[in-house]
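To start, the structure under review is shown below, and the notes come after it.
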Amino acid sequence: MKVLYFHQHFSTPKGATGIRSYEMAIRLVTHGHQVTMVCGSYGGGETGLTGDFKAGRREGQVDGIDIIEFDLAYSNSDGFLKRTGTFLTFALKSIGIALTHKYDIVFATTTPLTAGIPGIFARWIRRKTFVFEVRDLWPEIPKEMGVIKNPVVLAAMSVLEWCSYRSANRAIGLSPGIVNGILRQGVPSTKVALVPNGCDLDIFSKEVNPWRPSGVEDNDLMAVFTGTHGMANGLDAAIDAAIELRKRNRSDIKLVLVGEGKLKASLEERVEREKLKNVIFHPPVNKAKLAGLMRSADIGMQLLANVPAFYYGTSPNKFFDYISAELPVLNNYPGWLADMITSEKCGYTIAPNDAGAFADALEHAADNREELPRMGQNALSLAKKKFDRNNLANEWMNWVLEQKQ
């Protein structure tokens, strides 16, 4: 089979972002299928291509994957208008690929929602099989967050959402809430599968050199957050907890925030203004370096803003990295991940916007460190039992290549 794969934010493991698309493409290649990955240039990502762009694109092969990379730089720090322009430009360029390239199946994954546009054209103009993967519910999430308020834009996004779901021969949702969101659009359940993010057990089980950022002592309890510093992530909750910990004179607990994002500068300014010594910022790192950080950490922080659409409608990479690395998880919002953490006894679940409960959980961890290894073992057991990337990749591949329409 020849698979045309659209993911605007594609990265290999050398980048500092999620690698689901890389792992899925590798699985197809390993089974003898040909994959062409179409992507943009994502901040923190690494496509593996190094040549110059010619006429706005460059091509090459990386680890058996044929890659077409458009010269469309994107960063989570970009403003709304710039991001919208980049999304639409990528979609328009991708339509050209979808209408001219030789392939059997077209696969597109969000975000952004505009990723589905080339698939729609491939389905109805070239009559190709279109499989659509949904990583976040749009426009529900930006609407609930208040990021997008213009009724015309929201209406246009709703139309695109409906067209993408109804055009797809099959759809994949990364969380139970996403699957339900697809079904609400009238897509038959026989055409929808749940394939959540997976755990890169091979990466996090390797022998690595543990390390801690400057400012974290060997005997400190180190709680890490690894991901985007944006509105969706609600990292002010971590700073609120740090202020509470300072009031309690718990200088032995450090919160390490690893990554970049639109709000990072303002978060750093707040930490400086509050004169907090227990919050440490660090630039994003690739998976290999991340594994070393995880090996030295005590807790992984799964944080999001208190938006109900997040409760069951997201499948965050960082959660799966934490449990792959045998880390207990501190989760600050209800939903399917909180339910699993509670049932599997692999960490702490707290209510949103409760700095006291956040600080209580970290204090309990610091004062009862002998309990953390057991929580970590439970986390790793959950990773192996339900989220092994190899098993999920096989499910994903079978669903993508299934010929029934």
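Any read-out appearing in this document is the output of simple, stated calculations on the displayed coordinates, not a laboratory observation. Fair warning: this is a prediction, and the values are worked out from it, not measured in the lab. FYI the Cβ positions are ideal-geometry reconstructions off the backbone, even for glycines, and counts take in every protein chain you see.
Taking Asp202, Asp360, Asp321 as the candidate residues, the one with maximal mean-square fluctuation in a Gaussian network model of the chain, Cα springs under 10 Å, is Asp202.
Remark: spin-label model distance Thr89-Lys289 equals 2.7 nm, labels positioned 7 Å along the Cα→Cβ axis.
For Val3, Val62, Val147, the sequence from fewest to most other C-beta atoms within 10 Å is Val147, Val62, Val3. Counting only aspartates and glutamates at least 8 places from Lys384 when in the same chain, those with an alpha carbon closer than 14 Å to its own are Asp200, Asp202, Asp321, Glu326, Glu344. Placing +1 on the Cβ of every Lys and Arg and -1 on the Cβ of every Asp and Glu, with no other charges, gives segment 202-386 a dipole of roughly 360 debye about its Cα centre. Ignoring lysines fewer than eight residues from Lys102 along the same chain, the ones with Cα atoms less than 28 angstrom from its Cα are Lys2, Lys54, Lys93, Lys128, Lys191, Lys404.
GNM remark for the chain: springs join alpha carbons under 10 Å apart, and the peak mean-square fluctuation among Lys287, Lys149, Lys384 falls on Lys149. Considering only Leu303, Ser343, Asn394, and ranking their Cα positions along the charge dipole of segment 292-405 that arises from unit charges at the beta-carbon of Lys, Arg, Asp and Glu, the one farthest toward the positive end is Asn394. Give me the lysines in straight-line cross-link reach of Lys262: C-alpha distance below 25 Å, same-chain residues under 8 apart excluded. Within reach: Lys14, Lys82, Lys143, Lys149, Lys254, Lys275, Lys277, Lys287, Lys289, Lys318. Among the trypsin sites (Lys or Arg not before Pro) found in segment 1-103, those both in a DSSP coil and sparsely packed, with 15 or fewer other Cβ atoms within 10 Å of their Cβ, are Lys14, Lys102. For segment 202-386, the square roots of the Cα gyration tensor eigenvalues, ordered a ≥ b ≥ c, give a/c below 1.5, which places it in the rounded category.
Overall, the chain carries a charge dipole of about 1400 debye about its Cα centre when +1 sits on the Cβ of Lys and Arg and -1 on the Cβ of Asp and Glu, all other atoms neutral.
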